[in-house]
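Notes to accompany the following structure.
Read-outs: derived from the displayed coordinates by stated rules, not from any lab. Every value quoted in this text rests on a predicted model; they were computed, and no experiment measured them. Virtual Cβ from ideal backbone geometry, glycine too; neighbours counted across all protein chains shown.
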Amino acid sequence: MIYSRIAGTGRYLPEKTLTNADLENMVETSDEWIQTRTGIRQRHVASEDELTSDLCVEAAKAALDSADVTAEDIDAIFVGTTSPDLIFPNIATIIQHKMGIPACPCYATEAACTGFVYAISAADKFIRCGDLKNVLVIGAEIITKLIDWNDRDTCVLFGDGAGAVVLQPSDEPGIISTHLGADGEYKELLYYPVGVSNDLAAAGLGDSRIMMSGNDVFKVAVKTLSSIAQEALDANGLTIDDLDWLIPHQANLRIIQATAKRVGLSMDKVVQTVQIHGNTSAASIPLALDVAVRDGRIKPGQLLLFDAFGGGFTWGSVLLRF
Ligand code: COA
């Protein structure tokens, strides 16, 4: 039996940070409001000339180094993002070219904040089939370029960044199981109103913004994140006590706390980066993973659970041994 396992991790965050104090000068808000309602203290914001693929390349280089492989070894790229450089070609092909990776399948998945979990689940299936040996999987976002900086409901929440992993085949898990889902019924609660076949002319005019019903999103997020965490454990005959680390999508500290409470997990076992990264959408889980791997909290052999939720709604969990 072939499984896939994470052989290396990496991350990249744009240099510029935007603190809550900076936002106080931009909209009617306060550090106290933002921290109390979201837990967020700061977020990273890409510069004008930085592209999502640039963030991906830096995160990927770090992941390749930690997996001890080179660009020539990579035989497929999977990227989860909602903020690609261009409509086409897809961002994975741009990364492939920038990194000098030999011609290979290049996939881009758009599943909002669940993008990385969708991407790693697909990559896992290819490796299990025996088709691929060194797969680069990236979650990345320059979501701040979609932000209306006058809209205090959303501008305080989001940030930019990229996280990457190298997946390799293994005789033992590795990834134990993945559990994906989506329900388009909830589109109206969280969406961006411009696309190729819908009002593309509005793009660039600066009059589009993220549409979000914060309270409703909050409730469905907590319910979904806790039920898919439980689904992954149940599917493998495990309980929450078996888990070493929960790595949830980092949208809001209160969502994370409520999810942990519902599944009966102490916050000591939850990797939290929302305070310093904000909501980086598809990048949030691989960013948090890399932080906790590099600071020594996550150790080889430990049982981890990725738990993601985003616009669509989309959702997904991944149970794995690191
Ligand atoms: N600063 C100060 N006040 C703000 C504010 C801001 N940045 N944004 C909203 N407010 C105000 C509202 O206008 C409202 O004022 P009112 O009572 O006078 O009408 C008040 O704060 C409370 O707003 P409410 O929306 O009820 O706050 P909340 O506790 O639900 O927190 C969110 C708002 C957005 C932080 C919260 O709902 C949330 O995080 N939802 C999930 C969003 C999310 O994670 N999206 C991505 C999912 S992947």
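Some observations on this one:
- From D171, D183, residue being in contact (Cβ under 8 Å) with a residue 60 or more places away in the chain, surrounded by fewer than 20 Cβ atoms within 10 Å (Cβ to Cβ) and more than 15 Å from the ligand (Cβ to nearest atom): D171
- Against the conditions (1) free of Cβ contacts under 8 Å to residues at least 40 places away in the same chain; (2) surrounded by fewer than 17 Cβ atoms within 10 Å (Cβ to Cβ); (3) more than 13 Å from the ligand (Cβ to nearest atom); (4) under 22 Å from the mean Cα position of the chain (by Cα), S226 satisfies every one except (2).
- Scan of region 270-287 for residues that are closer than 24 Å to Q35 by Cβ, of a type in the set (A, V, I, L, M, F, W, C) and touching a helix residue (DSSP H, G or I) at 6+ places or on another chain (Cβ under 8 Å), ordered by number: V270, V271, V274, A283, I285, L287
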